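Data first, discussion second: the structure below is written as structure tokens.
Read-outs throughout are calculated quantities, based only on the coordinates presented, and are distinct from any laboratory measurement. Quick caveat: nothing in here was measured; it's all calculated off a predicted structure. Note that we place each Cβ from the backbone using ideal geometry, even for glycine, and neighbour counts take in every protein chain shown.
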DNA sequence: CCTGAAACCTGTCTGC
DNA sequence: TGCAGACAGGTTTCAG
């Protein structure tokens with residue numbers, strides 16, 4: 001499910017609250033239950049409750065596709081992978097079929113709420129650690145961080161001699177893009193996913209960075225993309241240029257969108273707007 | 001260093 | 001209705 005805009009949307013809703021649910025800031029963790037052992041990357045399952053029970057949630061944020069829930073000296077880091085979701089249930093309910101971890105929280109008003117990690121495919125992972133930087137150490141820069149200048153971006157593209165799409169999906173190169181947003185970005189930038197990263201000219205690299213920021217910003221503004229049964233709330237899926245639109249007309253030129261496979265991932269491209277030359 | 005294949009998992013959809 | 005196969009928003013590991 002989640003790429004940077006979906007994770008950012010979840011982080012904001014937990015931090016700031018929504019019409020349906022309050023913020024989880026300052027809530028205290030009262031009870032912890034893990035339903036699928038492998039969901040917990042760290043620490044050992046028997047040590048989780050002792051590590052986090054009684055702690056208060058001091059902040060909620062995002063780095064790349066990681067949700068960061070600060071509990072003072074300890075941080076919960078959650079990666080949703082393909083099908084994970086993090087949601088609030090007001091009150092005390094029996095677990096759903098795909099719930100993998102539940103934290104029972106109590107807020108300042110004394111209400112009980114559940115912070116639920118639900119993940120049908122069980123690929124998601126949760127870390128509870130006093131050294132969150134270690135888990136994030138391999139991540140590349142944040143795409144929306146102004147410290148990433150067009151010049152730095154261009155030079156890093158040239159340095160890594162790789163196909164454009166797999167490189168953009170590589171979280172050590174840039175943190176946050178996934179399969180949907182990468183296809184959208186490459187179409188907006190008019191670049192073919194099979195272009196070699198070291199073949200880009202400076203103006204193409206600048207165009208690519210601008211497209212990355214434009215697509216991610218729009219995705220966040222639309223609260224992410226809701227597809228299938230997993231993510232709820234976003235509406236960016238109604239504005240896709242190419243993703244999932246094979247056979248339908250390109251929004252720029254009307255040419256039917258093609259579906260190819262690049263690095264084992266379904267890839268959507270307008271062969272006219274995104275011409276391929278070696 | 002790069003690429004592709006396989007593994008980790010469950011659910012949905014399509015076609016016969 | 002049943003069943004096989006393809007496919008799904010991600011990452012890691014291994015072979016070449």
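Numbers for the structure displayed
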item: Burial ordering of A:180, A:152, fewest other beta-carbon atoms within 10 Å first; result: A:152, A:180
item: For the range A:1-112: rounded, prolate or oblate by the Cα gyration tensor [a/c cutoff 1.5]; result: rounded
item: Footprinting exposure proxy for A:181, A:154, A:243 (fewest neighbouring C-beta atoms within 10 Å first); result: A:154, A:243, A:181
item: Exposure proxy ranking, count of Cβ atoms within 10 Å, fewest first, for A:151, A:75; result: A:151, A:75
item: Between 0 and 90°, nearest 10: helix A:179-188 axis offset from chain A longest Cα axis; result: 40 degrees
item: Rg/Rg_ref, chain A, where Rg_ref = 2.2 N^0.38 Å and atoms are Cα; result: 1.07
item: Under the Debye formula (equal points on every Cα, no solvent term), log10 I(q)/I(0) of the range A:17-67 at q = 0.20, 0.24, 0.29, 0.32 Å⁻¹; result: -0.94, -1.11, -1.11, -1.11
item: Considering only chain A, percent of DSSP beta bridges that pair antiparallel, nearest 5; result: 95 percent
item: FRET efficiency, 1/(1 + (r/R0)^6) with R0 45 Å, evaluated for residue A:235 and residue A:109 via beta carbons; result: 0.90
item: Binned Cα-Cα distances of the range A:183-274, short to long, each 10 Å bin given as a whole percent; result: 16, 43, 35, 5, 0
item: Mean-position separation - Cα centroids, the range A:242-278 and the range A:121-171, in angstrom; result: 25 Å
item: Candidates A:202, A:155, A:20, ranked by Gaussian network fluctuation over chain A, Cα under 10 Å, top entry; result: A:20
item: Between 0 and 90°, nearest 10: helix A:150-159 axis offset from chain A longest Cα axis; result: 80 degrees
item: Crossing angle, helix A:202-221 versus chain A [Cα axis fit, 0-90 degrees, rounded to tens]; result: 40 degrees
item: Distance (nanometres) between label positions extended 7 Å along Cα→Cβ at residue A:248 and residue A:265; result: 2.0 nm
item: GNM result for chain A, Cα springs below 10 Å: residue of A:11, A:41, A:205 fluctuating most strongly; result: A:41
item: Efficiency of FRET between residue A:255 and residue A:136 - r from beta-carbon atoms, R0 51 angstrom, step 0.05; result: 0.80
item: Selected from A:104, A:127, A:36 as most flexible by GNM, with chain A as the system and alpha-carbon contacts under 10 Å; result: A:36
